[in-house]
Amino acid sequence: MIRPLLSVLILLTQLFHPVDFQGDIVDSLSALFKTGNSKEISKNFSPSVELTIMEEEDVYTKAQAEQILREFFTKNQPVSSMVVHLINTNPNYRFGILSLSTKNGKYRVAITLKKTTNTFFITELRIEPDK
């Protein structure tokens, strides 16, 4: 009785991609923004990132983008972060908007991710004052 049930269970787990059982990457990033962990966030950066913080916009290397994000968190210590909007219908693309509250104000964070070799990487990150 146990062996056939175990076989069916193994078969079912192979049918579903492991990512289906995990939380969305945007939820994970929201938690990292809440803690202000630029190092962990940067692990999700693509080799080059289009980064916009306030009015400053440019394309940076992964290391440069981490440093700029760290400076932002130093000046704006996070208090809370929550996902406001999420697009996850395309298996190769994610887009999320976070509401980031800091000790200095509230910000809107837009994150664009593209899948490369079965992993999502941040290709664009925008941090703007929330209106």
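Read-outs throughout are calculated quantities, based only on the coordinates presented, and are distinct from any laboratory measurement. Please read all numbers here as calculations on a predicted model, not as lab measurements. Please note: Cβ atoms are built from the backbone with ideal geometry, for glycine as well, and neighbour counts cover all protein chains shown.
Label zone of Glu124 (point 7 Å out along Cα→Cβ, amide N under 18 Å): in the range 59-102 this covers 59-62, 65, 84-99. Here the range 23-129 is treated with +1 on each Lys and Arg Cβ and -1 on each Asp and Glu Cβ, and its dipole about the Cα centre works out to around 320 debye.
Reducing the range 90-131 and the range 28-71 to their Cα centroids gives an inter-centroid distance of 10 Å. With a cap of 12 neighbouring Cβ atoms within 10 Å, and only residues DSSP puts in a loop, list the chymotrypsin sites (Phe, Trp or Tyr not before Pro) found in the range 20-89. For chymotrypsin sites (Phe, Trp or Tyr not before Pro) across the range 20-89 that sit outside H, G, I, E and B with at most 12 neighbouring Cβ atoms in 10 Å, the list is empty. Counting only Cα atoms, the size of the range 23-129 along its three principal axes is 37, 27, 22 Å, in decreasing order.
For the residue pairs Lys62/Lys106; Lys39/Lys114; Lys43/Lys103; Lys34/Lys131; Lys39/Lys62; Lys75/Lys103, the C-alpha atoms sit more than 21 angstrom apart in Lys62/Lys106; Lys43/Lys103. Beta bridges per DSSP, both residues in the range 23-129: antiparallel share near 85 percent. Taking a Cβ cut-off of under 14 Å around Asp130, the surrounding Lys, Arg, Asp and Glu residues balance to a net charge of +3, with basic ones at +1 and acidic ones at -1.
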